[in-house]
1. Please work out which residue is farthest from Arg78 (Cα to Cα), limiting yourself to the stretch 1-29 and to residues that are loosely packed, with under 12 Cβ neighbours inside 10 Å and touching a helix residue (DSSP H, G or I) at 6+ places or on another chain (Cβ under 9 Å).
2. If you scan the stretch 18-35, which residues turn out to be without any contact (Cβ under 8 Å) to a residue 40 or more places away in the chain and either of a type in the set (Val, Ile, Thr) or not in a loop (DSSP other than H, G, I, E, B) (or both)?
3. May I ask you to say which residue of Ala68, Ala60 is in contact with a Leu (Cβ under 6 Å, 6 or more places away or on another chain) and in a helix (DSSP H, G or I)?
4. Hey, among Leu42, Leu52, which residue is closer than 14 Å to Ile6 by Cβ and in a helix (DSSP H, G or I)?
5. Would you say Met1 is of a type outside the set (Gly, Ala, Ser) and outside any helix (DSSP H, G or I)?
Amino acid sequence: MTKVAIDLIGWMGALLLLGAYGCVSFRKLGAESLIYQLANALGSCCLILNTLYYRAFPSAFVNVVWIAIAIVAGFRIRTRSQESAALREQSR
C-alpha cells in the first residue's frame, strides 16, 4: 500500500472518530447508538492501519482498546434491544 493511501485511511479514521464524538456531544447521536459504536470501531481500524505503518505502537494500542470497547458496547446495545423487543412481544 502506498504512503498516500495509508495517510488517506488515517485521515478517514480521524474524521470518523471526531465526527462520531461531535455527533454525541451535540446530541445528534446517542452514546447507546449502534451507528456511534460502528463509527468508533471503523475509525479506530483505519487509525490502526495508519499507526502501524508509521510504527506508532502506543497509538495503535489505544485504537485496539477503542475497538474492543466499541465492540463490547455494540453487543450490549444489541442484546438490550433484542431483550426489549422480546419483552414487548410477550406483553402483547
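1. The residue in question is Lys3.
2. Across the stretch 18-35, the qualifying residues are Leu18, Gly19, Ala20, Tyr21, Gly22, Cys23, Val24, Ser25, Ile35.
3. On the way: Ala68 fails: in contact with a Leu (Cβ under 6 Å, 6 or more places away or on another chain).
Ala60 is the lone residue from the list that is in contact with a Leu (Cβ under 6 Å, 6 or more places away or on another chain) and in a helix (DSSP H, G or I).
4. Working: Leu42 fails: closer than 14 Å to Ile6 by Cβ.
So the residue among Leu42, Leu52 that is closer than 14 Å to Ile6 by Cβ and in a helix (DSSP H, G or I) is Leu52.
5. Values: of a type outside the set (Gly, Ala, Ser): yes; outside any helix (DSSP H, G or I): yes.
Against the criterion (of a type outside the set (Gly, Ala, Ser) and outside any helix (DSSP H, G or I)), Met1 qualifies.
No lab work stands behind these numbers, since they all come straight from the coordinates. Because the structure is predicted, anything quoted here is derived from the model rather than measured. Cβ: placed from backbone, ideal geometry, glycine included. Neighbour counts: every protein chain shown.
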